[in-house]
Amino acid sequence: MSGKALEGRVALVTGASRGIGRAVAIDLAARGAHVAVNYSSSEDAARSCVAAIEEAGGTAELCRFDVGDAEATTAAIAALAKARARLDILVNNAGITIDGLLLRYREDDWRRTLDTNLGGVFHCSRAAARFMARAREGRIVNLTSVVASMGNAGQAAYAASKAGIEGLTRALARELAPRGVTVNAVAPGFIDTEMTAALPEAARSMYLALIPLGRLGTVEEVAAAVAYLASPEAAYVTGHVLAINGGMYT
């Protein structure tokens, strides 16, 4: 992929204030896209992401809304698309994790996880697809997880939401293909982020033992996969879930 393959494109990355979302936003901007950095509450972190993009010579803007709020999401995406006269790329990255064993899991936590993780992808995709379908071109890339396929004790809600994203990805790929819009997903495994860095050493060692490549993935490796699916080179790829997990689950 050429260095400025996304020149002139407008991209929206949800949950872009930190971790994988931040890396994706920075990567897309480095490839020439103007990036709307979405956040819900972490304004300082989102501003830091925008600053990093601008310092590297790219362009970006803040875009605040909660993906779980259908009305706010629709309004914010419509405003972005109208202000920029286009919306070419949507990366659905925003999500939460509320862990807990089934017998003790609270109904509110179940609903919040599904509303944010799965509902958020639905809300954003529906709003963005209106503009992409009209332009007869667009890229939607959803972030799911290895746990969607392999499961994980104590993460019933998270795994269910991520598995739902994979089903939604395949359904939307078929629905939007006639309009020139591709819909794909990236399923990261154990990635080196602030969240994994906080794990006890014993837990990290346990996960590493499950990874044939013997190391954690990096946010940059995930971002590169997202950038490919968002690029012109991936025009004939749709309905695909790309695993980035070092062989942890195949």
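Points to keep in mind about this one:
- Distance between modelled label sites at His240 and Glu201, nm, 7 Å Cα→Cβ extension: 4.1 nm
- Here the simple spin-label model places points 7 Å from the Cα toward Cβ, and for Ala56 and Ile98 these points are separated by 3.4 nm.
- log10 of Debye I(q)/I(0), alpha-carbon scatterers only, for region 129-244 at 0.09, 0.11, 0.13 Å⁻¹: -0.29, -0.42, -0.57
- The chain - percent of accessible surface contributed by carbon and sulfur, probe 1.4 Å: 53 percent
- Shown for region 1-133 is the translational diffusion coefficient from the Stokes-Einstein equation, using the Kirkwood radius over Cα pairs, a temperature of 25 °C and a viscosity of 0.890 mPa s: 162 µm²/s.
- Charging the Cβ of each Asp and Glu at -1 and of each Lys and Arg at +1, and nothing else, the dipole of the chain about its Cα centre rounds to 740 debye.
- Take region 104-250 with all the other protein chains still there, run a 1.4 Å probe, and you get 49 Å² of accessible area per residue.
- Here's the picture: charge each Lys and Arg Cβ at +1 and each Asp and Glu Cβ at -1 in region 1-67, and of Gly15, Ser42, Leu62 the one pushed furthest to the positive end of that dipole is Gly15.
- FRET efficiency estimate (nearest 0.05) - Cβ-Cβ, Arg106 to Arg215, R0 35 angstrom: 0.50
- Two-decimal ratio, the chain, of alpha-carbon radius of gyration to 2.2 N^0.38 Å: 0.96
- FRET efficiency, 1/(1 + (r/R0)^6) with R0 22 Å, evaluated for Arg134 and Glu7 via beta carbons: 0.50
- Extreme residue, positive dipole direction of the chain, given options Ser145, Trp110, Ala81 (C-beta unit charges): Ala81
- Each peptide in 233-244, 10-21 was scored by the mean count of other Cβ atoms within 10 Å over its residues; highest first, the order is 10-21, 233-244.
- Pairwise centroid distance, computed over Cα atoms, of region 158-222 with region 50-65, Å: 24 Å
The values are calculated or read from the model by the stated rules, or taken from the named source; none is laboratory data. For clarity, every value in this text was computed on a predicted model and none was experimentally measured. Methodologically, a virtual Cβ is constructed for each residue, glycine included, from the backbone with ideal geometry; neighbour enumeration extends over all protein chains shown. Quick note on the areas: whole protein, heavy atoms, side chains included, nothing else; ligands and nucleic acids left out. Shrake-Rupley method; radii C 1.70, N 1.55, O 1.52, S 1.80 Å.
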